[in-house]
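Report on one structure; see the data block that follows.
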Amino acid sequence: MSFMDSPTAFIRKEIVDALDEAQDSGDTVEVHPRAASPRRPLLTSKSFEDPRKLPAPPAQPEDDASTVASLRPPPIGPGLSNISSLTSAEIDDPELLILASKTAPPPFLEKQAARRASAPAESLTDLAAAAKQIAAAKQQRPVAKRRFVPLLTFALGALLATAAFFWSPAVDLVLPRVALSDANVQAPKPTCVDEACAVWAHPLRIGAFSPLVIRPAPGADTSPGALVAFLDGHKRWARDRLESEGALLFRGFQVTNASDFESVAVSLEPGQLATTYEGTSPRTSLSPHVKTAADLPPTSVVPAHAEMSFAPRPPARLYFYSHVSNTGIGGETPVSDLRAVAQALTPAARRRLSRPLRFERVYYDERSWFGSWDPTKTKSWQSMFPGLSRKEAEVAAREKGYEPSWLRDGSLKLSHVVGSPFRAHPSDNVEAWHSHLTNLHVTTAWAAELGKAARHLRSPSYVLRSLFFSALYGSGLAETLLHVMGSEVGAKVVEAETGAEVVDVEYVRALMDKYTSTHQHEDGDVIVLDNFRVGHARNPWDGSRRELYAAWTA
């Protein structure tokens, strides 16, 4: 390393030269950076800013051997310890202060002295030229300031990456929330449905897909019997409105229990309501045709879907009844326009999604201590086929169109192939998206839905839940651990021919969100959905009491 490699190296050379001269005379001197040597002028770090300030060098004989010999210093000895007598007030350069703090000559100075001992002394003209180069280098490349550039760049990149990763789930945590009632540009105008104008109908919201609200007029009879009598006399009108709107919301009638709800559903579906359930959510039977909507914890999410769309014969219509609505944000049953989703898909996505898909659902064994620990398994095979043995469950599964297989941990896996995720409506032959793809692709479904819940509820805890599911299931770690235990994840969707994962899952999920309408439940609400054109979901909530019942056609 030469003295031109750093600005302070030249000052260190001046100190060494002063020591060399002291050793030549046999005296011990105190070195001061501001004291000029007998042979050389005063040089400090400020002198490098303008080399023209340097005094002219004295003339020296070109071939004076004695002069050259006098400028050849002896090796540095203990005299270098005099540098330690300098104080911080006497040294205006940080590197000199570090040098002065050492009592023994550092290897760097020893190497410099050895090189000077074997080379002729530089002239002051050379030193001035070197100082000019150092000044130019300082202006072009500030070495000290650039030391922190890589660290700052890394910190900024990490901050931006973290913000981008957390932005999607957490964006609405700090933004103002728009109330659902504020979304209307104007109040919906009701119209009379019956001759006496005792029942009104109006859209829930204007300018967006939403259920058609049917409610009693002010002062009219609000009993469940009045609603049943209205449906008995206007059954054709209700069916037509259901096919055109996709969803009907009966609000304001005093439906207070499961029996009242069942009588309303039976009036529209005489002899057509189902008594069995083939889905994946745990449910409790309340009457022959009424069950709880989903016996899942309040923190669980249910993505938008058409009821039992994976089944060979899914229900045509679906009924929900809000027995007790929760008091806080969340707990809604959003409804999705599945026709709009199908129409919004790009032609390339439609071609890819039209390939046959294999749906695999795993039901845990109630006798297994490990089965229920997997949150993606929400139902046991004993509750799927109540009262049946393993052999009888296999027979019942095959009768329903599923291929059963037993896993090593006692879980039951049901597999079947669906030819297309699109289904034409029986009445008008209009196609709609009709698939559980976004639900049963659990490696991404839970993390994505918990991220949406974080925005909807403005709760940081759901951000952490989303990250947990993304790290555990999205990375494949959960599948590896379950394989070791002799099990599999709760559900999976792959291409039937190749076994490859479906690539358009998140694209479809985004479209489902785009064409979804959300409204708060009120006690006594009864909502009817056309299951061939409208999907539904369930938002998590704060854990306050909430009871939602369901019924569906066979």
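The values are calculated or read from the model by the stated rules, or taken from the named source; none is laboratory data. All of these numbers come straight from a predicted model, not from anything done at the bench. No Cβ is skipped: glycine too gets one built from the backbone with ideal geometry, and neighbour counts run over all protein chains shown. Remember, those area values only see protein heavy atoms, side chains included, never the ligands or the DNA or RNA. Shrake-Rupley method; radii C 1.70, N 1.55, O 1.52, S 1.80 Å.
Would you mind finding the one in Ala537, Ala496, Ala500, Ala510 that is touching a Leu at 6+ places or on another chain (Cβ under 9 Å) and among the aliphatic types (A, V, I, L, M)? Can you show your working first?
Details: Ala537 fails: touching a Leu at 6+ places or on another chain (Cβ under 9 Å); Ala500 fails: touching a Leu at 6+ places or on another chain (Cβ under 9 Å); Ala510 fails: touching a Leu at 6+ places or on another chain (Cβ under 9 Å).
Of Ala537, Ala496, Ala500, Ala510, the one residue that is touching a Leu at 6+ places or on another chain (Cβ under 9 Å) and among the aliphatic types (A, V, I, L, M) is Ala496.
When every residue of the stretch 285-297 is checked against the conditions, none turns out to be in contact with a helix residue (DSSP H, G or I) (Cβ under 6 Å, 6 or more places away or on another chain), within 22 Å of Thr444 (Cα to Cα) and either basic (Lys, Arg) or outside any helix (DSSP H, G or I) (or both).
Just so you know, in the stretch 444-454 the residues that are open to solvent by 20 Å² or more (accessible area, probe 1.4 Å) and modelled with pLDDT under 85 include one that is farthest from Gly331 (Cα to Cα), and it is Thr444.
Every residue in the stretch 516-554 that is of a type outside the set (Phe, Trp, Tyr), open to solvent by less than 30 Å² (accessible area, probe 1.4 Å) and over 33 Å from the mean Cα position of the chain (by Cα), please. Those that are of a type outside the set (Phe, Trp, Tyr), open to solvent by less than 30 Å² (accessible area, probe 1.4 Å) and over 33 Å from the mean Cα position of the chain (by Cα): Gly524, Asp525, Val526, Val528, Ala551, Thr553.
Checked against (1) touching a strand residue (DSSP E or B) at 6+ places or on another chain (Cβ under 8 Å); (2) modelled with pLDDT under 90; (3) over 16 Å from His436 (Cβ atoms), Arg339 passes all but condition (2).
Let's see how each residue does on (1) over 18 Å from Glu497 (Cα atoms); (2) hydrophobic (A, V, I, L, M, F, W, C); (3) in contact (Cβ under 8 Å) with a residue 24 or more places away in the chain; (4) touching a strand residue (DSSP E or B) at 6+ places or on another chain (Cβ under 7 Å):
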{"residue": "Arg352", "(1), (2), (3), (4)": "no, no, yes, no"}
{"residue": "Leu357", "(1), (2), (3), (4)": "no, yes, yes, yes"}
{"residue": "Gly371", "(1), (2), (3), (4)": "yes, no, yes, yes"}
{"residue": "Glu392", "(1), (2), (3), (4)": "yes, no, no, no"}
{"residue": "Tyr402", "(1), (2), (3), (4)": "no, no, no, yes"}
{"residue": "Leu407", "(1), (2), (3), (4)": "yes, yes, yes, yes"}
{"residue": "Leu414", "(1), (2), (3), (4)": "no, yes, yes, yes"}
{"residue": "Val417", "(1), (2), (3), (4)": "no, yes, yes, yes"}
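Can you tell me which of Ser466, Ser459 is open to solvent by less than 50 Å² (accessible area, probe 1.4 Å), of a type in the set (Gly, Ala, Ser), more than 30 Å from Arg352 (Cα to Cα) and within 14 Å of the chain's Cα centre (by Cα)?
On the way: Ser466 fails: more than 30 Å from Arg352 (Cα to Cα).
Answer to the selection: Ser459.
Within the stretch 477-498, the residues that satisfy the criterion of being free of Cβ contacts under 8 Å to residues at least 24 places away in the same chain and either among the hydrophobic types (A, V, I, L, M, F, W, C) or outside any helix (DSSP H, G or I) (or both) are Leu477, Leu481, Val484, Thr498.
For Gly490, the stated conditions do not hold, so it cannot be described as within 20 Å of Thr333 (Cβ to Cβ), surrounded by 14 or more Cβ atoms within 10 Å (Cβ to Cβ), in contact with a strand residue (DSSP E or B) (Cβ under 7 Å, 6 or more places away or on another chain) and not hydrophobic (A, V, I, L, M, F, W, C). Within the stretch 259-271, being surrounded by fewer than 20 Cβ atoms within 10 Å (Cβ to Cβ) and part of a helix (DSSP H, G or I) holds for Ser259, Ser263, Val266, Ser267.
Selection over the stretch 317-346 of residues that are open to solvent by less than 20 Å² (accessible area, probe 1.4 Å), in contact with a Gly (Cβ under 9 Å, 6 or more places away or on another chain) and among the hydroxyl-bearing types (Ser, Thr, Tyr) gives a count of 3. If you go through the stretch 358-383 and keep only what is at pLDDT below 90 and among the hydrophobic types (A, V, I, L, M, F, W, C), you end up with Trp369, Phe370, Trp373.
Taking the residues in the stretch 472-487 that are among the polar types (S, T, N, Q) and more than 20 Å from the chain's Cα centre (by Cα) as candidates, determine which candidate is most open to solvent (accessible area, probe 1.4 Å). Selected residue: Thr480.
Results for (1) open to solvent by less than 40 Å² (accessible area, probe 1.4 Å); (2) modelled with pLDDT under 90; (3) over 23 Å from the mean Cα position of the chain (by Cα), shown as yes or no for each residue.
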residue: Glu399; (1), (2), (3): no, no, yes
residue: Leu407; (1), (2), (3): yes, no, yes
residue: Leu414; (1), (2), (3): yes, no, yes
residue: Trp433; (1), (2), (3): yes, no, yes
residue: Val442; (1), (2), (3): yes, yes, no
residue: Ser470; (1), (2), (3): no, yes, no
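In the set (1) surrounded by fewer than 19 Cβ atoms within 10 Å (Cβ to Cβ); (2) under 22 Å from Thr443 (Cβ atoms), Thr378 fails one condition alone, (1). Go through the residues of the stretch 347-355 one by one and say whether even a single one is touching a Leu at 6+ places or on another chain (Cβ under 6 Å) and either crowded, with 19+ Cβ neighbours inside 10 Å or part of a loop (DSSP other than H, G, I, E, B) (or both). Checking the stretch 347-355: not a single residue is touching a Leu at 6+ places or on another chain (Cβ under 6 Å) and either crowded, with 19+ Cβ neighbours inside 10 Å or part of a loop (DSSP other than H, G, I, E, B) (or both).
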